[in-house]
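A.B. asks: Here it is: the structure, laid out below.
The values are calculated or read from the model by the stated rules, or taken from the named source; none is laboratory data. Just so it is clear, the model here is predicted, and its values are computed rather than measured. Positions of Cβ are generated from backbone atoms using ideal geometry, with glycine treated the same way; all protein chains shown enter the neighbour counts.
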Amino acid sequence: MYDVLDSRSVLEVLRPVQDPELRKSLVEMNMIRNIKIDSGKVNFTLVLTTPACPLREFIVEDCQKAVKKLPGVTDVFIEVTAETPKQKSLSDRTGITGVKNIIAISSGKGGVGKSTVAVNIAVALAQTGAQVGLLDADIYGPNDPTMLGLSDSQITVRSTEKGDVLEPAFNHGVKLVSMGFLIDRDQPVVWRGPMLNGVIRQFLYQVEWGELDYLIVDMPPGTGDAQLTLTQAVPMAGAVIVTTPQNVALLDSRKGLRMFQQMNVQVLGIVENMSYFIPPDLPDKQYDIFGSGGGEKTALELGVPLIGCVPLEISTRIGGDNGIPIVVGEPDSKSAQALKAIALSIAGKVSVAALT
């Protein structure tokens, strides 16, 4: 089929290989680069659309199988890198310089573990090599500094020609800005809507975020001022709705989901948190404390994906209290594995949305 082993024949044999999520040719998308051939050894770079690509191993395997069919090939070496695409901009919304994708983690009601999910997703994405920021938009109840091990930290305010700029705190590979850094631990935030709107915009536009693949926004529960400010201010890659299987949580999550859809923000899917309880002394047992199947049923009814289900484990709570997220403290636990898979799935969906 190919008489000469050269760059052209390598590209041609790779042309049928597709990105499984985008369903487009790797060659046509310029994801195959820097082909070098030396004594039957083929080297090239595979450029994925996200460092957190959930199908990375499958794509590499497909490429190796295709190239090895060429006559004269003795081995195939693939260097894998990533270039995260930037979400499409909207004419009526101002993007953040250097930030490629903004993802809201939201819930209809409080107490469903939304911040736990947001923090662990951010850290899991950072563990893949992505540049990640976390904006704690829960102004009245800012818990992310504690969960990221930054409760005793402060953020620096720097004066520039364009005004004051906040330098975010950093831990576990994630940049964080939160109201928790700007007030005393026991100080309540007693603000009306306009002040809330102002500080969220400050966190968006007056923070030195630098270059980010993903800015995760931990939203307050409900469908109020914070949600309106965010959805009207910046172009968003999508929103993730966190719920528990309990009926009262699901009822509120439906309202939150519909709010994002009304604001023309893509809902990436539903995460069912606290799906079942795993007792530490009986790891093979599980108990449906909050019911079962609610997230899947709601996702089917509303026509959005169920991204994943996270079990309830005591170690997740301990990690959050101690500032060591479960994906760091116990990466092999069932909760950590579920959260990592959710993070990869979100990254894949964001890339698809940006490139289609």
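A.B. asks: Tell me which of these residue 237 doesn't satisfy, since it passes every other one: (1) buried (at least 20 other Cβ atoms within 10 Å of the Cβ); (2) at positive phi; (3) of a type in the set (Gly, Ala, Ser).
C.D. replies: The one condition residue 237 does not meet is (2).
A.B. asks: Checking the structure you have, find out if any residue of the range 214-229 is of a type in the set (Asp, Glu) and in a helix (DSSP H, G or I). Steps first, please.
C.D. replies: So the first thing to find is which residues in the range 214-229 are of a type in the set (Asp, Glu), and the list is 218, 225.
Going one step further and asking which of them are in a helix (DSSP H, G or I), we end up with 225.
Yes: one or more hits.
A.B. asks: Follow-up. Give the range 273-288 a look and list any residue that's among the aliphatic types (A, V, I, L, M) and at pLDDT below 90, or say none.
C.D. replies: Here is the first cut: in the range 273-288, the residues among the aliphatic types (A, V, I, L, M) are 274, 278, 282.
If the condition is that a residue be among the aliphatic types (A, V, I, L, M) and at pLDDT below 90, then 282 is the only one that fits.
A.B. asks: Checking the structure you have, find out if any residue of the range 268-280 is under 30 Å from residue 28 (Cβ atoms), in contact (Cβ under 8 Å) with a residue 12 or more places away in the chain and buried (at least 19 other Cβ atoms within 10 Å of the Cβ). Break it down into steps so the answer makes sense when it comes.
C.D. replies: Step one: filter the range 268-280 for residues under 30 Å from residue 28 (Cβ atoms), giving 268-269.
From the residues that got through so far, the ones that are in contact (Cβ under 8 Å) with a residue 12 or more places away in the chain too are 268-269.
Checking the rest, the ones that are also buried (at least 19 other Cβ atoms within 10 Å of the Cβ) come to 268-269.
Yes, the range 268-280 contains at least one residue that is under 30 Å from residue 28 (Cβ atoms), in contact (Cβ under 8 Å) with a residue 12 or more places away in the chain and buried (at least 19 other Cβ atoms within 10 Å of the Cβ).
A.B. asks: Residues that are surrounded by fewer than 17 Cβ atoms within 10 Å (Cβ to Cβ), in a loop (DSSP other than H, G, I, E, B) and within 22 Å of the chain's Cα centre (by Cα): does the range 177-196 have at least one?
C.D. replies: Scanning the range 177-196 turns up no residue that is surrounded by fewer than 17 Cβ atoms within 10 Å (Cβ to Cβ), in a loop (DSSP other than H, G, I, E, B) and within 22 Å of the chain's Cα centre (by Cα).
A.B. asks: When residue 330 is evaluated against the numbered criteria (1) surrounded by fewer than 19 Cβ atoms within 10 Å (Cβ to Cβ); (2) at pLDDT below 95, which criterion, by number, is the only one it fails?
C.D. replies: (2)
Per-residue answers, yes or no, for (1) under 24 Å from residue 202 (Cβ atoms); (2) touching a residue at least 12 places away in the same chain (Cβ under 8 Å); (3) outside any loop (DSSP other than H, G, I, E, B):
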{"site": "80", "(1), (2), (3)": "no, yes, yes"}
{"site": "85", "(1), (2), (3)": "no, yes, no"}
{"site": "93", "(1), (2), (3)": "yes, yes, no"}
{"site": "96", "(1), (2), (3)": "yes, yes, no"}
{"site": "103", "(1), (2), (3)": "yes, yes, yes"}
{"site": "109", "(1), (2), (3)": "no, yes, no"}
{"site": "112", "(1), (2), (3)": "no, yes, no"}
{"site": "117", "(1), (2), (3)": "no, yes, yes"}
{"site": "124", "(1), (2), (3)": "no, yes, yes"}
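A.B. asks: Check residue 135 against each of (1) part of a strand (DSSP E or B); (2) more than 23 Å from residue 221 (Cα to Cα) and name the one condition it does not meet.
C.D. replies: Just one mismatch for residue 135, condition (2).
A.B. asks: Looking at the range 83-118, which of its residues are surrounded by 21 or more Cβ atoms within 10 Å (Cβ to Cβ) and aliphatic (A, V, I, L, M)?
C.D. replies: At the first step, the residues of the range 83-118 found to be surrounded by 21 or more Cβ atoms within 10 Å (Cβ to Cβ) are 84, 87, 99-108, 112-118.
Within the range 83-118, 99, 102, 103, 104, 105, 112, 117, 118 meet the criteria.
A.B. asks: Counting only residues that are closer than 22 Å to residue 176 by Cα and of a type outside the set (Asp, Glu), how many does the range 302-340 have?
C.D. replies: Number satisfying all stated conditions: 17.
A.B. asks: Hey, could you check the range 75-124 for residues that are farther than 23 Å from residue 56 by Cα and among the hydroxyl-bearing types (Ser, Thr, Tyr) and say which is modelled with the lowest pLDDT?
C.D. replies: Here the residue is 91.
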